[in-house]
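Note sheet for the following structure.
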Amino acid sequence: MSKRNELPVLLASLALTGVFLGGGAWWIGKMVAGGGSPISRNVAANDITRLSLLGDTFSGYSTFRNDEFQSVLNDAGLDIEYEDEFDQTIRAQDLSKGKVDLIVTTLDQFVKQQPDGKIVGLLDRTVGADAVVLNSQKYPGLNSLLALGKLVETEKAAGRSLSIAYAADTPSEYLALVLDTKFDTFNLSDFELKPVAEASEAWALMQNPGENVAIAVLWEPYVTQARQQSYEVVLSSEDAPNAIVDVIVASDRLIDSNPEAISQLLESYYRRIDANARDATQLQTQVAEDGGLSVSDSAAIINGIDFFTATETQSWFTDGTLDRRIGATAAVLTLSNKLNAVPGDVSSLYTDQFVSAAAANTQTLIDLVRADNPALADKLEGNSNTVTAALEVSDADIQNAPDIGNLQVRGQVSFGTGSADLTAEGKETLNNLAKEIQEFNQQTVAVRVIGHTSRTGSADLNQSLSQQRANVVVNHLKGMGVDLNILAEGKGFSEPLPNVDPVNPSNQRTEIRLVRVN
């Protein structure tokens, strides 16, 4: 089995003649070390390194099931035996027991299952392909998590319960856990849980008038279908674009015994991704054929997924981004009692040693196309998937934007008595909250900071104090690096808590409300 080295001169020559990418996308997958010429022979069967890989039917994994990609691997001396294993626990156990060499899975499942292996590559992140949908058809006016909380209370008072439907052990369940841990008034314990095998079943339950499903977590193409039928999509992975990340994990045994095979697999895989960046129709056809989908359904799926390039993967490995994502994911799982504790040394869970050659290949491509096609260069670099600036929106736009829900504030946003000076506890609470706010997409989400007081003193004094406190919170969050659009609003004592005496000090509170601006 050969390991490919960089061939910049030949790459440049072929690029200039127009045969790299596009129709000739796969020439780069057939290069060998040393001579630098395309393979013109079939690798003998006994020279093939066979690797076993467990995954599922997710469209983001379709490359590993693709016959053309398998042919490219064969030319490079590799063969992938791909099998579905929908039980994530068994998938991880088989990796640990040496029954398989690699698995593809979501980051949250990797952190939760803790198999004997390391993340060696990043595959994709969903940016809208997974979403929380409210049953606004059955329950008119159900348009936010705030409205959902009120509906829960109303139904409880009437002796009725509401349900939530989601596919178990999938990103849908993890997104439900994100809601449970990050949003105030939303508690999974308030619902009858209806875990199903896949999103089509959750979608069917929501549409069934005989069911009491108020909320479902779906994936494409059912998210698009829900929107088309005017169901309320309250939160999607586009709003939290790094929440759901898919990874490829190699067993410790394979890492020790055949590291070259891992490097070669990643080089071949990321070349395929580079080709898709040039011509997305290839990927759309692949996804449609793989899942037996219509063109429109496959387009909806692709639009909701961002595939990592090799250079972007290497950046995540080396600049601390993956460490932060593992920590944030582990925190959600820990708060949900799915994990005992956040791992102490997250860097031990992955290694960048196998993606370096693939990243070098992609960087060579980037350097070649930068002058003539900067948009393609940005896409290959991963920059086209990175949100760089918040939308320009006015205060009125934020104030009138549709609500998503209030973030859960852990700790107290406390001030000195009768003042707008944050206490030490208040500053620490906001410091932690700033990290959570930064998880959201500043292109689609804005923040309303709403200050409230208790009914003590004059209305004018309390209105002024609540506005000052809201301003202080906004300035502190911005100082902590929060770059979403934020609006400070003072409500005085005009909106006391339900069933609470207006003079009760508990009415002195700060709401951190997310709203949709795009």
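Could you please give the count of residues in the range 159-195 that are of a type in the set (A, V, I, L, M), more than 21 Å from the chain's Cα centre (by Cα) and under 26 Å from Phe86 (Cα atoms)? Walk me through how you get there before you give the answer.
Our first condition is that a residue be of a type in the set (A, V, I, L, M); within the range 159-195, this holds for 162, 164-165, 167-168, 175-179, 188, 193.
Next, from what is left, pick out any that are more than 21 Å from the chain's Cα centre (by Cα): 162, 193.
Of the ones still in play, those that are also under 26 Å from Phe86 (Cα atoms) are 193.
Of the residues in the range 159-195, 1 are of a type in the set (A, V, I, L, M), more than 21 Å from the chain's Cα centre (by Cα) and under 26 Å from Phe86 (Cα atoms).
From the list Gly418, Gly411, which residue is on the phi > 0 side of the Ramachandran plot and in contact (Cβ under 8 Å) with a residue 40 or more places away in the chain?
Unique residue meeting the criteria: Gly418.
Let's see how each residue does on (1) modelled with pLDDT under 95; (2) open to solvent by less than 20 Å² (accessible area, probe 1.4 Å):
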| residue | (1), (2) |
| --- | --- |
| Gly418 | yes, no |
| Gly426 | no, yes |
| Asn431 | no, no |
| Glu436 | yes, no |
| Glu439 | yes, no |
| Gln442 | yes, yes |
| Arg455 | yes, no |
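Taking only pairs six or more apart or across chains, which ones have beta-carbon atoms under 6 Å, a first residue in the range 83-95 that is over 17 Å from Glu198 (Cβ atoms), and a second residue that is modelled with pLDDT under 95?
Pairs found: none.
Every residue in the range 461-506 that is of a type in the set (Gly, Ala, Ser) and in contact with a helix residue (DSSP H, G or I) (Cβ under 7 Å, 6 or more places away or on another chain), please.
Gly481, Ala488, Gly490, Gly492
Suppose the filter is at pLDDT 95 or above and over 24 Å from Ile103 (Cα atoms); does Gln229 pass it? First the steps, then the outcome.
Details: at pLDDT 95 or above: yes; over 24 Å from Ile103 (Cα atoms): yes.
Answer is yes for this residue.
Out of all the residues in the range 208-219, which are touching a residue at least 60 places away in the same chain (Cβ under 8 Å) and either small (Gly, Ala, Ser) or surrounded by 18 or more Cβ atoms within 10 Å (Cβ to Cβ) (or both)?
Val213, Ala214, Ile215, Ala216, Val217, Leu218, Trp219
When both residues are 6+ apart or on different chains and their Cβ atoms are under 9 Å apart, which pairs have a first residue that lies in the range 49-73 and is farther than 14 Å from Ile273 by Cβ and outside any helix (DSSP H, G or I), and a second that is aliphatic (A, V, I, L, M) and open to solvent by 30 Å² or more (accessible area, probe 1.4 Å)?
These pairs meet every condition: Thr49/Met1; Leu54/Ile90.
Answer yes or no as to whether Glu232 is of a type in the set (D, E, K, R) and farther than 21 Å from Gly405 by Cα. Working first, answer last.
Working: of a type in the set (D, E, K, R): yes; farther than 21 Å from Gly405 by Cα: no.
So Glu232 fails the test.
Going residue by residue through the range 394-404, is there one that turns out to be at pLDDT 95 or above, touching a helix residue (DSSP H, G or I) at 6+ places or on another chain (Cβ under 9 Å) and farther than 19 Å from Lys478 by Cβ?
yes
Return the residues of the range 100-118 that are part of a loop (DSSP other than H, G, I, E, B) and either within 19 Å of Ala331 (Cβ to Cβ) or in contact with a Cys (Cβ under 6 Å, 6 or more places away or on another chain) (or both); say none if nothing qualifies.
Gln114
Within the range 477-495, which residues are over 18 Å from Gly405 (Cα atoms), open to solvent by 40 Å² or more (accessible area, probe 1.4 Å) and of a type outside the set (A, V, I, L, M, F, W, C)?
Lys478, Gly479, Asp483, Ser494
Which helices (runs of 4 or more DSSP H) sit wholly inside the range 261-336 and have at least 2 residues that are open to solvent by 30 Å² or more (accessible area, probe 1.4 Å) and under 21 Å from Asp56 (Cα atoms)?
Result: 280-291, 295-303.
Name the single residue, out of those in the range 222-232 being open to solvent by 20 Å² or more (accessible area, probe 1.4 Å) and of a type outside the set (S, T, N, Q), that is nearest to Ile305 (Cα to Cα).
Filtering the range 222-232 for residues that are open to solvent by 20 Å² or more (accessible area, probe 1.4 Å) and of a type outside the set (S, T, N, Q), the one nearest to Ile305 (Cα to Cα) comes out as Tyr222.
The values are calculated or read from the model by the stated rules, or taken from the named source; none is laboratory data. This one's a predicted model, so the numbers in the text were calculated from it and none came from an experiment. Heads up, the Cβs are rebuilt from the backbone with ideal geometry, glycines too, and the neighbour counts pull from every protein chain shown. Remember, those area values only see protein heavy atoms, side chains included, never the ligands or the DNA or RNA. Shrake-Rupley method; radii C 1.70, N 1.55, O 1.52, S 1.80 Å.
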